[in-house]
Amino acid sequence: MRLGLAAMAIAVVAGGAGYGIATVGHGEGAALKEADAGRKVLYWYDPMVPSQHFDKPGKSPFMDMQLVPKYADEGPGEAGIAVDPTRTQNLGLRVVVAQTGTLGSALTATGSIDFNQRDVAVVQSRAAGFVQRVYARAPGDVIGAGAPLADLLVPEWAGAQAEYLAVRRTGDASLIRAARQRLALLGMPAGMIAAVDRSGRPHNVITISSPIAGTIKNLGVRQGMTVSAGETLAEVNGLGTVWLNAAVPEAMAGQLRPGQSATATLAAYPGEHFAGRVAAILPAVQADSRTLTVRIELPNRAARLKPGMFANVDFGGSPRSALLVPSEAVIRTGRRTLVMLALDKGRYQPAEVQTGHTSGGQTEILAGLSEGEKVVASGQFLIDSEASLSGVQARPISAQTAVRLPQAAAKAGAYATIGRLNKIDAGSITFSHQPVPALQWPAMTMTFRLSSPTLARGYKVGDRVRFSFDQLPSGPTVRTLAREAGQ
């Protein structure tokens, strides 16, 4: 009986164990359906936390999602990394095609209206005296040219004028000239000397007036005060023109030059446009905002533009053709710029690119990408993180050069960049050009041969151009030239 009971107990335990093994086996089998049959799984991971590895499938402890497998055949030896098509939608991947399009070259910025600091008049006393009268002026008042500011009594002038009148009665022409010249040297204006001649009596009170129309910035004269010769009584800032100081990102500074046209719009005058020109690009960059101050001079008819007003400015320019990708597809690491290529069979690879201008959500690709290649526009950061963990190397720029010039044809050079013309000769041309990453050239000034003497026809020193060139035994040779926007 004891043997029978033991046998029955063993059977029950064995049956329960078998059921449990079957249950566990069934759970792992359901999870392993996520892995492709016949492929070796190195580990399991959460795509949102790819640095954490697990030795078996299951639910992620970080996110409400299943762990995904990392296959052994996804190593650095393959071109990129593979992503299961069934996971593409879960990762939110969106693929777009790099294609040539029209890049709007108009650059916009914001700024504020300021006084034109070149249109300032400083009013000073020509002689020592006493302030007899002021004309109820205050800083900020808008006055016209010739507006009186104060009446100044100059005692010294009274004696000099009396001597002049006495000399004039002698009739000696040389003495009269000498006495008259003394009055001018004492600081008397010609109008006051003429008034002494007409009236025949001294005039020792002079009215100090503003030489220009504008607003009073400083006023240092009050009734009864004593002033000395050369003392500043007032400063008047003209309002005929004003400055618009616009903050432009330093990355866009190469698109601007002094003399370029600009159009401003202000909330105070909706629907109106105020045309002006770039007067100067200030040399210092604001460290906190990484912007340059661009000074635009605007006519100020009827003094409608008030210093301190906020304005939007459009620097204009015509659209041009360029190789474009969505700006969201560009990954900027600080050391380099990448896009994530979408390859065949669900594989992805980072590619280093050189970017140009950005407008309307589109970024210009200068090098590193060809027209028709597919790039990931969303979800690319997750793939880039996995590619870094897997040791997948980014495709260098030198492996794929794709600069699109507006006038480029089949005979365009293998390399391209942007530069400013410094010198044009019969068979050569000198540029101050930007870096050429494909050749590991920094920005510098150098001379190129011209593939055709007529290539530089119509260009002049100072023009900013895009050009392509080849590296020949005889030296770098320019193949194409095209003016940059705004030229």
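Evaluate region 247-268: report whether one residue or more is assigned to a loop (DSSP other than H, G, I, E, B), closer than 27 Å to TYR135 by Cα and modelled with pLDDT of 90 or more. The answer is no; no qualifying residue exists.
Please verify whether region 476-486 includes one or more residues that are modelled with pLDDT of 85 or more and exposed (fewer than 13 other Cβ atoms within 10 Å of the Cβ). Taking every residue of region 476-486 in turn, none turns out to be modelled with pLDDT of 85 or more and exposed (fewer than 13 other Cβ atoms within 10 Å of the Cβ).
If you check ALA302, ALA284, ALA280 for being outside the structural domain of ARG466 (by TED's automatic domain parsing), surrounded by fewer than 19 Cβ atoms within 10 Å (Cβ to Cβ) and not in a strand (DSSP E or B), only one passes: ALA302.
Here ALA412, ALA402 are screened, and the one residue that is over 29 Å from the mean Cα position of the chain (by Cα), within 26 Å of LEU103 (Cα to Cα) and at pLDDT below 80 is ALA412.
Candidates in region 130-169 are the residues that are without any contact (Cβ under 8 Å) to a residue 40 or more places away in the chain and in contact with a helix residue (DSSP H, G or I) (Cβ under 8 Å, 6 or more places away or on another chain); of these, the one that is surrounded by the most Cβ atoms within 10 Å (Cβ to Cβ) is TYR164.
The values are calculated or read from the model by the stated rules, or taken from the named source; none is laboratory data. Computed from a predicted model, the values in this text were never measured in an experiment. FYI the Cβ positions are ideal-geometry reconstructions off the backbone, even for glycines, and counts take in every protein chain you see.
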